[in-house]
Every structure is written in structure tokens, then in C-alpha cells.
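Heads up: the structure comes next, in C-alpha cells.
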Amino acid sequence: MRSPTTGASLPRFDADRLDRRDPTLIGRILPAARAMTRAYFGLRVDGLENIPMGPVVFAANHNGGIFGPDLACTLSTLWGALGPHSPLYALAHDFPMRHVTPLGRAIQRVGAVRASRANADRILDAGGSFLVYPGGDLEAYRHARRRDEVVLGERAGFVRAAQRAGAPIVPIVAHGAHRCAYIFHEGERLARALGLKRWARLERFPLALALPWGIAPGPWLPYFPLPFAVRLRVLPAVYPAGSEDARDVRERIRALMQDALDAMALEARS
């Protein structure tokens, strides 16, 4: 592949590489990212004192799909707390990392790596931390009436990675981000009919009301997020014992996140 600007050959894209993260680039975009999330989304954060030193698994709830504001809000918050040079990665879905190579190249520079258990282990073994959205598309594309529900699904690989490395899991809860678009149909049957799980690892084909399209079909169509206020809460670290069932730990974390989201929703209404 050749660069469209220089004509030079680009190295073959490898979605699993950890050395493509560019701390200088992150340092340059961090001020703009923080200013945007504060000005447009009114971002407020509490609980930063709960972030421990060393390798950490940050497990967050996912909202609004591929262009939801929770990722920008959470990453800029963690970059600011840890510093751009801290080896923080984000486990990214197969779609951008395997099917849209230009997008994969771009987000790899800010720490994205293909979501897999092997990559999670490699990051922790190298002394890094990672942000993961265990609920994936099941949570990101949930119906608007479920916006205050934490859906982590059946995945527990992030817990097993933490147990293997002896790393803590720090839950991060976002409130308000799911209102950036109004998802009125989750599209489970349509996703099955299109075979999305087989070739794209997706189980939802949502329909949403979103700018500028009006009705935005599918999980990949970019849209302009609505400027609803977003709040993040970093919860105290969970230290899972190696002998615990990973599914039990996942459910304990989900319950903690749900309690926090319930409280945040109540605070927002008062």
C-alpha cells in the first residue's frame, strides 16, 4: 500500500502491534480533547483518586455506538490523570482494526489495539494498562429506554487477564453519553439475518435518530452527537483473587457499576 500524499510504501498494517502508540501525538491532542469534552459535553469527573499505580484494567460501560462520546471523554480523562507517556491502550473492536485499515492506523497511534485476550495479556505483561468495554455492541446499541442500564454480556476475558497478571480492575461509569443519539431499535434479528456475528463480530444492527441523517441505520454510520451533559465516575479498584470464578467477578463489577449509574441518574434528575 502507498501513502496517498507521498507515494511511499506504508508498512503492512498489524492490528496487534503495541509500538504504534504515539505519546507525542497524544500530548498534542490532549488539550483540545479536554477542552472539547468540557465545553460541548460539560464533562464532569469524580473518583480520580481511585486510580492505582501500575498496570490496571479499566472496565467501562459503552454508550452511543462507534461515535458515542464516552470513549473521547474517558480516554482524555485517563490521559490527563496518567500522562500521555503512560502506556495506556484501548481494546478496539475488529471492525475498525481489521475491516477499515485507514481508521485502524489512525486510532492505533492513540493506543488502540485489536480486542483479544492475547493482547490484553501482552499489555499487562509489558507494564501497561488498558481500557475495555466488555459490553461491546450489546451495550453500545441498547435501546434508549435502557440508557441507565449496565450490560456487560457474557465476556469475562478482561477479568481473567487481570487475575493472571495480579492487576486491579477499575470500573468507570459514564452517565449521559447514551443520549448522544436516540436508538429506537436494537436490530438483533437484522444482525442475525445479515450474518454480522460471523464476519464482523457484531450482534446488533441498530436504528437511531441522529444528526445529520434523521434516521441513522447500522452500527457504522458516523453521526454528530447531541450535546447532552456527560459525567464519569471512577469507582474503587476491585482486586479479584485468582481462585474466583471470572464470571462471578464480572457480575460483581456489573453490580457495582449499576449501583453507581443508578445514583448518577438520580442525581441528574434532582
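Taken together, the values in this text are just the output of simple stated rules run on the coordinates, not laboratory data. Note that the structure is a prediction, hence the values are computed from the model and not measured. Cβ placement follows ideal geometry from the backbone for every residue including glycine, while neighbour counts extend to all protein chains displayed.
Spin-label pair D94-D248: with each label point 7 Å from Cα along the Cα-Cβ axis, the two points sit 3.2 nm from one another.
In the stretch 51-125, Rg over Rh equals 0.94, where Rg is the alpha-carbon radius of gyration and Rh the Kirkwood radius from pairwise Cα distances. Taking GluC sites (Glu not before Pro) as candidate sites, keep only those in a DSSP loop with at most 14 other Cβ atoms within 10 Å, then name the longest stretch of the chain containing none of them. With GluC sites (Glu not before Pro) excluded where exposed in loops, the chain gives 1-153 as its longest stretch. Estimated from helices alone, the mean residue ellipticity of the chain at 222 nm is -11000 deg cm²/dmol (sum of -39500 (n - 2.57) over DSSP H runs with n ≥ 4, per residue). Each residue, R12 and A81, gets one label point 7 Å from its Cα in the Cβ direction; the gap between the two is 3.9 nm. Expressed as a whole percent, the proportion of Cα-Cα pairs in the stretch 171-270 lying more than 15 Å apart is 72%. Placing dummy labels 7 Å off each Cα toward the beta-carbon, the span from D125 to R192 is 3.9 nm. Across the stretch 236-243, rounded Karplus estimates of 3J(HN,Hα) from the backbone phi angles (6.51 cos²θ - 1.76 cosθ + 1.60, θ = phi - 60°) give x, 5, 9, 10, x, 6, x, 8 Hz, Gly and Pro being marked x.
Fully extended, how many nm does the chain gain between R28 and S270 (0.36 nm per residue separation, minus their Cα-Cα distance)?
On the way: separation 242, 0.36 × 242 = 87.12 nm, distance 3.77 nm.
Value of the extension gain: 83.4 nm.
Evaluated on the stretch 10-99, the Kirkwood hydrodynamic radius is 14.7 Å, with distances taken between all distinct Cα atoms. Cβ crowding within 10 Å, taken as a proxy for footprinting-reagent exposure, orders L138, L43 from fewest neighbours to most as L138, L43.
When N is the residue count of the chain, what does its C-alpha Rg come to as a fraction of 2.2 N^0.38 Å? Before the final figure, lay out each step's value.
Numbers: Rg = 18.0 Å, N = 270, 2.2 N^0.38 = 18.5 Å.
The reported ratio for this selection is 0.97.
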